[in-house]
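Undergrad: Take this structure, written in structure tokens, and hold onto it; I'll ask about it next.
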Amino acid sequence: MSEILDQPGNVAQWQTLVFEAEQLCGVELDEELESYLVFTLMRYLRRPEMAQRILAIDFLEACQQNDPQRSESLRNVGDQCLLFSGLFPRRAERRRVKVSYYVDLGRSAYRNLADSLHSMTKLFAQLAEEFVAAMDTLQAIRVMADRTNGLTPLQSYELWSDTQSRMAYREVTQKSAGSPVIAQHHKPH
């Protein structure tokens, strides 16, 4: 994985990588979303400091800011949640949260951003709506590099159960003999 991410490359190489990942995970992002994903990968490629952020606090602080600072902060939270959930899912385990925590937080950041912008509203609303497909594409990049999505079978099941992630479902079915079902939580009477 690191050899792919460590190569700055050009836009065409990143586009090819994203396209191949889409094919692997069975999703089809539209051109605008593909481009956004490519430029997000390029933008964060050399930013190791993002790993030190506490994104829930960043989200809450962003919601209190005025534009344009608010928009930039919400975008950063959404982008980092997308990258963590897709490329670095073990970060959730180290922080004692589920990967779906990053999915929910990222969707909220993009949704808030779409609600507050007059331009690019469609793109950020689409990112909120198709967050899991974009995450799956990033997980497919990870699989292409490392042959694993970085999650244990239980974490893959939880992610599929929480988000209906195609890559998580693929991982669960490849590592078990059965088909997973979403557990129904019943309250005792």
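Values quoted throughout were computed directly from the atomic coordinates according to the rules given, and no laboratory measurement underlies them. Since we're looking at a predicted model, the values are computed, not measured. Because the Cβ atoms are built from the backbone with ideal geometry, glycine has one as well, and the counts that use them run over all protein chains shown.
Undergrad: Select from the range 11-58 the residues that are within 19 Å of Arg142 (Cβ to Cβ), assigned to a loop (DSSP other than H, G, I, E, B) and among the β-branched types (Val, Ile, Thr) and list them in ascending order.
TA: The answer is Val27, and nothing else.
Undergrad: For the range 48-71, check the following and say yes or no: at least one residue is of a type in the set (Val, Ile, Thr) and buried (at least 20 other Cβ atoms within 10 Å of the Cβ). If you could, list the steps in order and put the result at the bottom.
TA: If we filter the range 48-71 for residues that are of a type in the set (Val, Ile, Thr), which is where we start, we get 54, 57.
Pick out the ones that are also buried (at least 20 other Cβ atoms within 10 Å of the Cβ) and you get none.
Looking through the range 48-71, none of the residues is of a type in the set (Val, Ile, Thr) and buried (at least 20 other Cβ atoms within 10 Å of the Cβ).
Undergrad: Now for a separate question. Could you check, for the range 91-113, whether at least one of its residues is buried (at least 19 other Cβ atoms within 10 Å of the Cβ), assigned to a helix (DSSP H, G or I) and of a type in the set (Asp, Glu)?
TA: Checking the range 91-113: not a single residue is buried (at least 19 other Cβ atoms within 10 Å of the Cβ), assigned to a helix (DSSP H, G or I) and of a type in the set (Asp, Glu).
Undergrad: Let me ask you something else. Note down all Cβ pairs under 6 Å where the first residue falls in the range 20-44 and is touching a residue at least 24 places away in the same chain (Cβ under 8 Å), the second is aromatic (Phe, Trp, Tyr), and they're at least six residues apart or on different chains.
TA: Val38/Trp14; Leu41/Trp14
Undergrad: Output yes when any residue across the range 89-98 is in contact with an Asp or Glu (Cβ under 7 Å, 6 or more places away or on another chain) and within 24 Å of Gln52 (Cα to Cα), and no when none is.
TA: Yes: the range 89-98 contains one or more residues that are in contact with an Asp or Glu (Cβ under 7 Å, 6 or more places away or on another chain) and within 24 Å of Gln52 (Cα to Cα).
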